[in-house]
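Okay, structure first, notes after.
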């Protein structure tokens, strides 16, 4: 029994991605000016494009939160998670409208939810409350996006 627990622990250690990878190794983490520009574009976009642009913001902020966790800035990561929740609410409000690029938005939301779920493995248990709430919101929104994709 002791051997199986030890081997399971080794599998977890080697299989869980490092925190730096959760920042989005294949993604470029945008700086605050680029994020502000994207947010401004989303706010002033046509109604049918807003859901996609806000999904892009969620995706980018998940990468930012991953980098902040990797750097040990939990307070900043929590602020990023609050921004993600705000954008998720805006997506939900704009989803009923005729949205463009729904499938792309759904795929981005799936990836953002996955990465946020992976972050759960690297943060301490004290810091998971905001992360769990955000992940729950994104999973719900992903389900809505998926339903919308299949409705069209």
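Projected area of the stretch 67-117, taken from the Cα convex hull and averaged over every viewing direction, in nm²?
Values: hull surface 15.6 nm².
Result: 3.9 nm².
Rounded to the nearest 0.05, what FRET efficiency is calculated for residue 73 and residue 140 with R0 set to 25 Å and r the Cβ-Cβ distance?
On the way: r = 27 Å, r/R0 = 1.08.
That gives a FRET efficiency of 0.40.
Here the relative contact order of the stretch 46-103, from alpha carbon pairs under 8 Å that lie six or more residues apart, stands at 58 percent.
For the pair residue 47 and residue 93, label points projected 7 Å from Cα toward Cβ lie 1.3 nm apart.
Please rank 130, 47, fewest neighbouring Cβ atoms within 10 Å first, as an exposure proxy.
Numbers: 130 19, 47 11.
Listed from fewest to most nearby Cβ atoms, that is 47, 130.
So what is the relative contact order of the stretch 20-151, in percent, for Cα pairs below 8 Å that sit 6 or more residues apart?
The normalised contact order for the stretch 20-151 reaches 29 percent.
Based only on Cα atoms, what Rg/Rh ratio does the stretch 20-151 have, Rh being taken as Kirkwood's radius?
On the way: Rg = 14.0 Å, Rh = 14.6 Å.
Ratio of gyration radius to Kirkwood radius for the stretch 20-151: 0.96.
When every alpha-carbon pair in the stretch 87-152 is counted, what percent end up more than 20 Å apart?
Numbers: 652 of 2145 pairs.
Distances greater than 20 Å cover 30 percent of the Cα pairs.
Throughout, read-outs are computed from the coordinates displayed, never taken from laboratory work. Predicted model only: the values in this text are computed from it and were never measured. When we count neighbours, we look across all protein chains shown, and the Cβ atoms used for this are built from the backbone with ideal geometry, even at glycine.
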